[in-house]
Amino acid sequence: MKGHGATILVVVLVATTALGMICQVSGQEKTEQKATLKEVVGFSIVRVVVGTGVANKEPVGVAETFPASTKKVYCFLQASDIAKDTEVSLVWFHDQDEKLKTMLPLKMGKRWRTYANKNLRGLKGDWKIEIKDAGGNLLKEIKFKVE
């Protein structure tokens with residue numbers, strides 16, 4: 001019996017060690033995939049908000065819901081660590097219908113702030129803005145409502 005107990009203990013220890021190594025490698029792969037995605041995009045999105053204007057290079061009237069009397073809204077985007085000059089697109093949707101696509105430049109550097117605006121034309125309901133990289137890959141989306 002003693003011989004079998006020692007064999008079982010060795011098998012359990014080997015299996016536990018192997019499982020720990022697999023989990024560690026799996027975790028490393030996920031980290032490497034995230035790093036690779038950031039390298040491909042070449043920048044980070046720090047902030048995206050929707051508001052009623054921009055003053056002194058900062059958004060104003062930031063909200064998730066706007067009254068129907070709101071004529072125009074602004075999507076403000078701040079990016080950082082921009083590896084090279086590139087652009088992003090802001091694609092505006094009202095109830096799943098694409099209404100506008102705006103291309104905005106991002107210049108190489110530590111930080112870049114930019115914005116685009118959309119006349120709401122009295123359209124109430126759910127709105128969404130998709131932020132896409134130069135290759136058309138979805139980076140982020142922001143939703144707001146007009147009531």
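The number of residues in the stretch 106-128 being polar (S, T, N, Q) and surrounded by 13 or more Cβ atoms within 10 Å (Cβ to Cβ) comes to 2.
Of the residues making up the stretch 64-104, those that are more than 30 Å from E147 (Cβ to Cβ) and either part of a strand (DSSP E or B) or charged (D, E, K, R) (or both) are A79, S80, D81, I82, K84, D85, T86, E87.
Within the stretch 63-99, the set of residues being surrounded by 12 or more Cβ atoms within 10 Å (Cβ to Cβ) and closer than 16 Å to G136 by Cβ comprises T86, E87, V88, S89, L90, V91, W92, F93. Just so you know, in the stretch 46-61 the residues that are among the β-branched types (V, I, T) and surrounded by fewer than 16 Cβ atoms within 10 Å (Cβ to Cβ) include one that is modelled with the lowest pLDDT, and it is V46. Here V41 meets the list (1) among the β-branched types (V, I, T); (2) at pLDDT below 95; (3) more than 15 Å from the chain's Cα centre (by Cα) almost entirely, failing just condition (3).
The values are calculated or read from the model by the stated rules, or taken from the named source; none is laboratory data. These numbers come from a predicted model, not from an experiment. Here the Cβ is made from the backbone with ideal geometry for all residues, glycine too, and neighbour counts use every protein chain on show.
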